[in-house]
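Heads up: the structure comes next, in structure tokens.
The values are calculated or read from the model by the stated rules, or taken from the named source; none is laboratory data. Here the structure is a predicted model, which means the values were calculated and not measured. Backbone-built Cβ (ideal geometry, glycine too); neighbour counts: all protein chains shown. When the accessible area is computed, the model is the full protein with side chains, heavy atoms only, and any ligands, DNA or RNA have been set aside. Shrake-Rupley method; radii C 1.70, N 1.55, O 1.52, S 1.80 Å.
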Amino acid sequence: MSSPLPAAVLIAPGTGEMTGRTRRYEKRYDDLDGLFLDQAAFAAIAGTRGSEVAYQVDEFRPSDNAGDIIFGTSTLYAGRVGTEFIFTRGHIHAVSDRPEIYFCQSGHGIMLMELADGTVRVEEMTPNSVVYVAPHWIHRSVNVGSEPLVTLFCYPADAGQDYEIIARAGGMRDLIVDDGAGGWKQVPNPRYRPRNTAPGHV
Ligand SMILES: [Fe+2]
């Protein structure tokens, strides 16, 4: 097992760019096909801006060792697909009892969280707020503002990610949409199919 060395990184204000990262990945609009309810609105955006970056993640991953931590920044650019605010794909940790924290550096967002049985919690993210994503909660960031939503995350290095738990249910139970008055609201997702939470089915 490797033994990581101490390190420090620098995070740029406003963009989340992390100097000293070990990895960056980007998700473009084309990568988000099928995730939003309004498919016609998505097709119109993807037709002209499909290669545009919707969000990027810079991470510092010392190792995958149990007991180590992974941290990094997520920068989710502002946008909407129809009335739905732009979001990250979202996941549950593959080792589902592993938690995570998100510190909001800038922007205005929602952490949309859901248990496998469909219980939903939302927590608002504004500069200097910290959201604790408890073990077993699916989590997705939503940008409900007009600036990039920049968050610093940190989670156990052996957590892993399972993205399919959301796809299997037709998306998350609730959508975060424009309320028509400059804010956001939470509405039921008509495509949501409750999961079978009996043992062996989740
Ligand atoms: Fe996570």
Query raised in the report: Per residue, how much accessible area does the range 27-177 have with a 1.4 Å probe, in Å²?
Result: 39
Query raised in the report: For the range 124-163, what class follows from the C-alpha gyration tensor (a ≥ b ≥ c being the square roots of its eigenvalues): rounded when a/c is under 1.5, otherwise prolate if a/b is larger than b/c, else oblate?
Result: prolate
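Once R0 is set to 25 Å, what does the formula 1/(1 + (r/R0)^6) return for the Cβ-Cβ distance between residue 39 and residue 178, expressed as a FRET efficiency to the nearest 0.05? Walk me through the numbers before you get to the answer.
Details: r = 17 Å, r/R0 = 0.70.
Once rounded, the FRET efficiency stands at 0.90.
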Requested in this report: Take the alpha carbon atoms of the range 43-80, find their center, do the same for the range 116-165, and report the distance between the two centers in whole angstrom.
Outcome: 13
Query raised in the report: Label residue 189 and residue 7 with points 7 Å out from Cα along Cα→Cβ: what is the distance between them in nm?
Result: 3.3
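Starting from the Cα gyration tensor of the chain, take the square roots of the eigenvalues, sort them a ≥ b ≥ c, and report rounded, prolate or oblate (rounded when a/c is under 1.5, otherwise prolate if a/b is larger than b/c, else oblate).
It comes out oblate by the Cα gyration axes.
With the alpha-carbon atoms as the only input, what is the per residue convex hull volume for the range 75-162 in Å³?
Convex hull of Cα atoms, per residue: 86 Å³.
Once you list every other residue whose beta carbon is under 12 Å from the beta carbon of residue 178, what net charge do they have if Lys and Arg are +1 and Asp and Glu are -1?
Details: positive: 80, 185; negative: 38, 84, 179.
Once all neighbours under 12 Å are counted, the net charge is -1.
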Report summary line: Between the residues 154, 119, 139, the Cα farthest towards the positive end of the dipole of the range 52-202, that dipole coming from +1 and -1 charges on the beta-carbon of Lys, Arg, Asp and Glu, is from 119
Query raised in the report: Within the range 34-78, what residues put their amide N at less than 18 Å from the label point 7 Å along the Cα-to-Cβ vector of residue 15?
Result: 52-60, 72-78
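Quick one: net charge around residue 153, please, counting Lys, Arg +1 and Asp, Glu -1 for every other residue with C-beta under 11 Å from its C-beta. List each step's numbers first, then the result.
Working: positive: none; negative: 58, 59, 100.
Every neighbour counted, the sum reads -3.
Order the peptides 133-140, 45-52, 187-194 from the highest to the lowest mean number of other Cβ atoms within 10 Å of their residues.
Details: 133-140: 18.4, 45-52: 13.9, 187-194: 12.4.
Descending mean neighbour count gives 133-140, 45-52, 187-194.
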Report summary line: Taking a crude spin-label model, label points 7 Å out from Cα along the C-beta direction, the residue 196 to residue 51 distance in nm is 4.4
Query raised in the report: Hey, what did the chain get for relative contact order, percent, Cα under 8 Å, at least 6 apart?
Result: 21
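Using a 1.4 Å probe over the heavy atoms of the protein chains, calculate the carbon and sulfur portion of the accessible area of the chain as a whole percent.
On the way: 5240 of 9830 Å².
Heavy-atom surface of the chain belonging to carbon and sulfur, 1.4 Å probe: 53 percent.
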